[in-house]
Amino acid sequence: MTDTNGRSRGAERLDAFVANPRRALWTLAVPILFGMSVQTIYVVVDMIFVGRLSAEALTALAFNMPPAFLAMGITFGMGSAVTALIAQAVGRRDEEAASTIADHTVVIALIMTVVFTTVGLVWGRWLLAVLGVPAELMEPAWQYFQISAGGYAFMAFSTFFRSIMSGEGEVRAPVIIQMVATLLNIALDPLLIFTFGMGIRGAAIATVTAQALATLAFVYLLFVRRGSAVRFNFSGFRPKTETFATIFRIGVPASLSFLVMALGAGSFNRLLVEFSPDAVAAQQIGGRIDQVVILPLVAISAGLVTLVGMFYGARRTDLLVAIIRYAITRAMIIGTVGAVLFSATAPWIVAVFTDSPEIRGYAIRYVRIISLAYPFFGVSMLTGRVLQGLGRGTPELVLSLLRVVLIALPLAWFFGFVLHKPAHYVWIAMLISSWTSAAVAAIWLRSAIRKAVEEPPALETAELPQPTIAS
């Protein structure tokens, strides 16, 4: 779609982002942050409602988090590849390539829906058993899992549609859709869980219903109102092996990194349940508190993928270096403030989630240990996303393997079963792994930036306006 001067929406946004990269970062990140903040409020409210059912229901929900994180992570990993590739195409002013990527993205969403829904419904109980769900919690855990697996299609398509629009720099409309869907989710939770007596099944139904309505909104926006710069052409679609290969080359390592983290989360649950099921529930509560710090970092990194992709596609390495430095310093400031705040207020925050003194004690200790890693979360997170924007998916996978498989899990096992330390040493192992992976990420990022700067500039670089910030 073009404006009255014949420029596409993607070209308009590119020119605006180049003119003021710092403002562009917040233009992209702030709407994403608002949307994810509402989503986090939902997750918190969901846990509060489920926790009011019983401690058993809360623990059953906790065991659902690793497979849910796995499904979402693989989808988001592939979506991040789509965002990066469309952003690079916009940076090159090649809208035909952007539209081709969008067409292939829909096909990938269809394939993933068939695979994940089938696996979830057929082997879901077995997966929950592998993750260590006790026999007495299997039924409520399976009730939630079964409904979530059946509604995977809505999560997949809404994620990919949002990724397409993010790649061209459009974040406001997707965020509005996400916020409305999340508010609906929050409203449905008490109605279905308590009023209609559905219990933990009601929480799952509320989530799937909200995701379905979000998907319908994206379909209307992209295919009916045509509120996107890309143009879908399914009637003339011809699958291109090289396009699929490019998406998977970036997306599969990113997805596998989420797989590593999901398996790690499940493994940590299995370690913690050996101490007490209360420690598992406490880690889920602490993880929700972590999200308050992680969300701004995710929002910044999401905006950074678009800008890095566009600037790299246009070969504006001066802007590339400037915006990466700016984003990482802001991320470290956010992490430091969050560490101080939540370490001091942990007892009062944790009390909102549970009445159990055992769970509360574990959760407070979790927050005070893991908060020491907050200032370094942004380094690892932004490094992976920057390299995705440059077309490299493997580093994020390597960093995840280093953090979870090579350091945190072996160290947690050593502390717990060799040295016979208490449960909180599992979280000390996670802290050490976060520090180490951040140091490796910083070295890797420095090398990648140096290589990007050494690449020859593109011919169209001179056509772009000059930035208003110093690089």
What is the pair-distance distribution P(r) of segment 101-195, computed from all Cα-Cα distances in 5 Å bins starting at 0, with each bin given as a whole percent? 2, 11, 16, 16, 17, 17, 12, 6, 2, 0
Return the whole-Å distance between the Cα centroid of segment 386-422 and the Cα centroid of segment 427-441. 8
Please compute, for the alpha-carbon atoms of segment 27-85, the extent along each of the three principal axes and give them in descending order in Å. 45, 24, 7
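Could you look at the chain and say what percent of its accessible area is carbon and sulfur, using a 1.4 Å probe and all protein chains? Display every interim value, and only then the final one.
Values: 12760 of 19160 Å².
Reported share for carbon and sulfur atoms: 67 percent.
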Using alpha-carbon coordinates alone, the radius of gyration and Dmax of segment 193-304 in Å work out to 20.2, 58
Tell me, what are the semi-axes, in whole angstrom and largest first, of the equivalent ellipsoid of segment 387-444 as set by the roots of 5 times the Cα gyration tensor eigenvalues? 28, 10, 7
Cα-based Rg of the chain per 2.2 N^0.38 Å, rounded to two decimals? 0.96
In whole Å, largest first, the alpha carbons of segment 110-262 cover along the principal axes 51, 33, 27
Taking Rh as the Kirkwood radius, which is the inverse of the mean 1/r over Cα pairs, what is the Rg/Rh value for segment 225-377? 1.11
Take the alpha carbon atoms of segment 325-366, find their center, do the same for segment 238-317, and report the distance between the two centers in whole angstrom. 20
Computed over segment 44-143, the distribution of all Cα-Cα distances in 10 Å bins, rounded to whole %, is 14, 32, 25, 17, 11, 2
Where only protein heavy atoms count, and the probe is 1.4 Å, what is the accessible area per residue for segment 7-137 in Å²? 38
Low-density loop positions, chymotrypsin sites (Phe, Trp or Tyr not before Pro), segment 56-150 - DSSP coil, at most 14 other Cβ in 10 Å: none
Taking all pairs of distinct Cα atoms, average 1/r, flip it, and tell me the Kirkwood hydrodynamic radius of segment 344-467 in Å to one decimal place. 17.2
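The values are calculated or read from the model by the stated rules, or taken from the named source; none is laboratory data. Owing to the predicted nature of the structure, the values given are computational and were not obtained by experimental measurement. Methodologically, a virtual Cβ is constructed for each residue, glycine included, from the backbone with ideal geometry; neighbour enumeration extends over all protein chains shown. Note: accessible area is taken over every heavy atom of the protein model, side chains too, but ligands, DNA and RNA are not part of it. Shrake-Rupley method; radii C 1.70, N 1.55, O 1.52, S 1.80 Å.
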